[in-house]
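A short write-up of the structure that comes next.
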Amino acid sequence: MKTIIQAGKKISDSSWSNGTWLILDIGFAKTGRKSCGLLIHSPQQKECKTTMNFNEAVEAVIYVAKTNKKLNLVIEAPLSIAFDKNGNPTGRSIEQGSKPRYWYLPAGCVVMVATLHLMRRLISENPDSEIRLFEGFVSFKPKGGKPKKQNSHLKDIERLREVILNPKNFGSCIHDPTKLRINSSDTIESAFKVAGKNFDFGVPVVIMPNDR
């Protein structure tokens, strides 16, 4: 069986009771840096949460994909991108704020590249599973000071977990992919379409915790 990777396109898809969930706050860093936070929730197993380096996170995602026929994979990185009517990069509606966090700025590009390498490994491993992708977006941090450095990745995945666990209470934090355009003439597409047709996973729901 060929691995199926596709975007979760409906808000109702992001239900905590809907199979195994893996939430990944992805980072790209050299050996020795635990740049990723990872949480796994399965109805059959005890929930686990940890930090790890990039390659450890990749191997963990592959292992979970191989051991679960259906996996909901949330990645804290831009999984879709936008272009204006002239073909130039533009922001998505969710990226606007007092300090915009557009996908094409350096921080967004770094985690997109990291995610592309992760998806390339997933496709090459062909874990014989159905993987549904969701975008996590927690770039707008709560006010009141920065979180402790050693806990920042865990805090990010905990905030995403809270929204997925209680979608009725956090409905405004779950953004329909059809509403990501700023202008009606903008084009929204998979962030990885540039790598070829096997990487066109579609445009997923965005899970974006509110500032608190």
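The values are calculated or read from the model by the stated rules, or taken from the named source; none is laboratory data. All values derive from a computational prediction rather than experimental measurement. Ideal geometry is used to build each Cβ from the backbone, glycine not excepted, and the neighbour counts take in all protein chains shown.
Picking from residues in segment 175-212 that are of a type in the set (Gly, Ala, Ser) and surrounded by 18 or more Cβ atoms within 10 Å (Cβ to Cβ), the one that is nearest to Ala77 (Cα to Cα) is Ala191.
Report, by residue number, each residue of segment 157-195 that is in contact with a Leu (Cβ under 8 Å, 6 or more places away or on another chain), among the aliphatic types (A, V, I, L, M) and part of a loop (DSSP other than H, G, I, E, B). Hit for segment 157-195 is Ala191, nothing else.
Taking segment 18-34 as the search range and keeping residues that are assigned to a loop (DSSP other than H, G, I, E, B) and among the polar types (S, T, N, Q), which one is farthest from the chain's Cα centre (by Cα)? Break it down into steps so the answer makes sense when it comes.
Within segment 18-34, the subset assigned to a loop (DSSP other than H, G, I, E, B) is 18-19, 26-34.
Next, only the ones that are among the polar types (S, T, N, Q) stay: 18, 31.
On the way: Asn18: 17, Thr31: 23 Å.
Here the residue is Thr31.
Evaluated against (1) on the phi > 0 side of the Ramachandran plot; (2) at pLDDT below 95, Ile164 falls short on exactly one condition, (1). The set of residues from segment 40-55 being surrounded by 14 or more Cβ atoms within 10 Å (Cβ to Cβ) and outside any loop (DSSP other than H, G, I, E, B) comprises Ile40, His41, Ser42, Lys49, Thr50, Thr51, Met52, Phe54.
The single residue among Gly171, Gly196 that is farther than 20 Å from Trp103 by Cα and of a type outside the set (S, T, N, Q) turns out to be Gly171.
β-branched (Val, Ile, Thr) and at pLDDT below 95 - does that describe any residue in segment 65-87?
First, pick out the residues of segment 65-87 that are β-branched (Val, Ile, Thr): 67, 74-75, 81.
Adding the requirement that they be at pLDDT below 95 leaves 67.
Yes: one or more hits.
Screening Gly37, Gly97 for residues that are among the small types (Gly, Ala, Ser), farther than 20 Å from Thr3 by Cβ and in a strand (DSSP E or B) leaves exactly one candidate, Gly37.
Name the one entry in Ser129, Ser139 that is modelled with pLDDT under 95 and farther than 23 Å from Ser98 by Cα. Write out each step before concluding.
Values: Ser139 fails: farther than 23 Å from Ser98 by Cα.
Within the list Ser129, Ser139, the selection yields Ser129.
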